[in-house]
Amino acid sequence: MSQDLLVEKQDGVALLTLNRPDDLNALGGNMMTMLLAALHELTLDLEVGCVVLTGAGRGFCAGGDMKSRAAGTRPLEGTPEQMRLNLRSRMHAAQLLHEMPKPTIAMVNGVAAGAGMSLMLACDMRFIGHAARMGTAFARMGFSGDFGGHWFLNRLVGPAKARELYFTAEVIDSTEMERLGLCNYRYADAELHEKTMAFAKRLAAGPRIAWHHMKRNMKVAEEGTLADALDAESFGMMRCRETEDHKEALKAFVEKRPPAFKGR
């Protein structure tokens, strides 16, 4: 069985590791098929409260498998329409990371380029090591870009800076990523895994139905009007009001203790 993607579950956290370290985890082999399947499964997995995406070895994800493409071992097949539909189906991975009803975290241990950058940006949060680097990369290969990177980067750094990063394909280091607001936390490389997983476990132990509605509210706020956001917020609040987690939080508040959430 292919090991292009490793899946580990512990304490309510699913850790997805892109596992082609010799190629900086480029999206070749069976990786995208496995990643899509895993994300679909985790979206519905009631035992998982947070998803962490990372890469094996010294890279997060170098993007498309240009080495195989240049060698001709991955020939393009089908009509242009069929190839577009195939690409679009694979790009759904970014949408799942962004929209699944639980927090997602990119743990960036090295280079994130091209589609790898897009998958990183699709996550709710980004925790990076000092060795992290990021580049759009597409212009270097005569490509325009995929996996939603334009949408995510535009919202994170603004349209002018997003255009600059796409047009120049400049590689920026972890210090610049932090300055631009492209990460939530920046850690020493040796601490990255421990710190990220501790944060993920904290989220997984939280009020999961509330996380679901918070993500829904954020999506509405990104795409809709203020009235749309207010409608979504009122719906979410009334739904959360009836949960066991909310009732437990009220009891814990009165008893002056931390709540024990069950995700119900």
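Let me spell it out: the conditions are (1) within 27 Å of the chain's Cα centre (by Cα); (2) of a type outside the set (S, T, Y); (3) under 25 Å from N154 (Cβ atoms), and F235 meets all of them except one. Which number is the exception? F235 satisfies every listed condition except (3). Before we move on, is G224 surrounded by fewer than 17 Cβ atoms within 10 Å (Cβ to Cβ), touching a helix residue (DSSP H, G or I) at 6+ places or on another chain (Cβ under 9 Å) and either outside the structural domain of P101 (by TED's automatic domain parsing) or under 25 Å from L156 (Cβ atoms) (or both)? Considered against the rule, which asks whether it is surrounded by fewer than 17 Cβ atoms within 10 Å (Cβ to Cβ), touching a helix residue (DSSP H, G or I) at 6+ places or on another chain (Cβ under 9 Å) and either outside the structural domain of P101 (by TED's automatic domain parsing) or under 25 Å from L156 (Cβ atoms) (or both), G224 comes out as yes.
Test K215 against the criterion of being touching a residue at least 24 places away in the same chain (Cβ under 8 Å) and not assigned by TED's automatic domain parsing to the domain that holds M125, and give yes or no. Answer is yes for this residue.
Candidates E248, E233, E170, E178: the one that is assigned by TED's automatic domain parsing to the domain that holds A106, surrounded by 13 or more Cβ atoms within 10 Å (Cβ to Cβ) and assigned to a helix (DSSP H, G or I) is E178.
In region 113-134, the residue that is farthest from V157 (Cα to Cα) out of those that are of a type outside the set (A, V, I, L, M, F, W, C) and surrounded by fewer than 22 Cβ atoms within 10 Å (Cβ to Cβ) is H130. Of the residues making up region 169-224, those that are at pLDDT below 95 and among the β-branched types (V, I, T) are I209, V220. Residues considered: R257, R202, R216. Of these, the only one that is more than 18 Å from M117 (Cβ to Cβ) and assigned to a loop (DSSP other than H, G, I, E, B) is R257. How many residues, within region 136-167, are assigned to a loop (DSSP other than H, G, I, E, B) and in contact with a strand residue (DSSP E or B) (Cβ under 8 Å, 6 or more places away or on another chain)? Of the residues in region 136-167, 2 are assigned to a loop (DSSP other than H, G, I, E, B) and in contact with a strand residue (DSSP E or B) (Cβ under 8 Å, 6 or more places away or on another chain). Applying a threshold of 7 Å to beta carbon distances and a minimum spacing of six or more residues, or different chains, the list of pairs starting in region 2-19 at a residue that is in a strand (DSSP E or B) and ending at one that is basic (K, R) reads V13/K201.
Could you please find all residues in region 86-124 being outside any loop (DSSP other than H, G, I, E, B), more than 8 Å from the chain's Cα centre (by Cα) and more than 18 Å from M31 (Cα to Cα)? The answer is E99, and nothing else. Restricting R186, R202, R208 to residues that are crowded, with 17+ Cβ neighbours inside 10 Å, more than 30 Å from M141 (Cβ to Cβ) and not hydrophobic (A, V, I, L, M, F, W, C) narrows the list to R208. Each residue in region 142-163 was checked for being closer than 17 Å to R88 by Cβ and hydrophobic (A, V, I, L, M, F, W, C), and 4 pass.
The values are calculated or read from the model by the stated rules, or taken from the named source; none is laboratory data. Since the model is a prediction, treat every value here as computed from it, not as a measurement. Glycine also receives a Cβ, built like all others from the backbone with ideal geometry; neighbour counts cover every protein chain displayed.
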